[in-house]
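Here is the structure we will look at.
Rule-based calculations on the coordinates, nothing more; no lab input. These figures come from a predicted structure and were not determined experimentally. All Cβ positions, even for glycine, are placed from backbone atoms using ideal geometry, and neighbour counts span all protein chains on display.
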Amino acid sequence: MSEKQVVLPITGMTCANCVATVERNLKKVEGVETANVNLSSERATVVFDPAAAGLDDLIARVERAGYGIATGEADLLIQGLSDDNDARRLEKHLTALDGVLEAQVSFTTEKARLRYIPTLVSQGDLRAAVEAAGFKAVLPEGSLEDAEAQARAAEIARQKHLLITGLIFTVPLFLLSMGNDFGLLPAALSQAPWLRWLMFVLATPVQFYVGWQYYVGGYKALRNGAANMDVLVALGSSVAYLYSIVVLLG
């Protein structure tokens, strides 16, 4: 049996339980011999039989477990295309590369757009493949090579957006709630019938917009027969939120 080793950049892991979940799910793929996941580098090293499993199977299993694969995108300017047949031939050649998930080549714009896994293939490899097919590839000015770093940066930006959004709603909610509990609010405000409804309005976006990722992660974990931190956060916050609604309506 011939073995093949790939290194996959995993996104969405936050704890040791996440590592165990990804490893367990990868090992469930038929043909996988070993799967080792490193939390600090956020990478999974998988050894498998290519006759029994493919890269798509591994990616699908990671995504089913509630995590993601960091991918890069490259736009290459292609020189030497004569017609649409050349474009289709180059597209087929690029798609066959290990690590390329999607390739679209346009004769009209003389561009190739690719989505790939940066730990398996680099933009240098993509350009070399274009040249091996008989064409010339040029990176547009300002393009970045480190696609994995870009994917990580995008995830950090998304989490930063959620943090800021959460603070916008949580800080006034905290001040109103604690101020009311400790008698620091003016009587007219603390006894206002709309105060609790205002707290409800402030809490709801935090619970279901900022916290939606925990519901999604928890659902996927339970679907795979595991309970992770997403399940704990979603369950604990939901109980508190629903109890508060009961008190509000009571």
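For the structure I just gave you, tell me whether Gly236 is exposed (fewer than 14 other Cβ atoms within 10 Å of the Cβ) and either polar (S, T, N, Q) or in a helix (DSSP H, G or I) (or both).
Here the answer is yes, as Gly236 does meet what is asked.
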Matching residues in the range 213-250 - criterion: being farther than 24 Å from Arg61 by Cβ and in contact (Cβ under 8 Å) with a residue 60 or more places away in the chain: none
Looking at the range 84-104, can you tell me whether even one residue there is under 16 Å from the mean Cα position of the chain (by Cα), closer than 30 Å to Val216 by Cβ and surrounded by fewer than 17 Cβ atoms within 10 Å (Cβ to Cβ)? no
Select, from Val62, Val46, the only residue that is out of contact with any Gly (no Cβ under 6 Å at 6 or more places or on another chain), part of a strand (DSSP E or B), of a type in the set (A, V, I, L, M) and closer than 22 Å to Ala226 by Cα. Val46
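Conditions tested, residue by residue: (1) surrounded by 11 or more Cβ atoms within 10 Å (Cβ to Cβ); (2) more than 30 Å from the chain's Cα centre (by Cα); (3) not in a helix (DSSP H, G or I).
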| site | (1), (2), (3) |
| --- | --- |
| Ile164 | no, no, no |
| Val171 | yes, no, no |
| Phe174 | yes, yes, no |
| Tyr219 | yes, no, no |
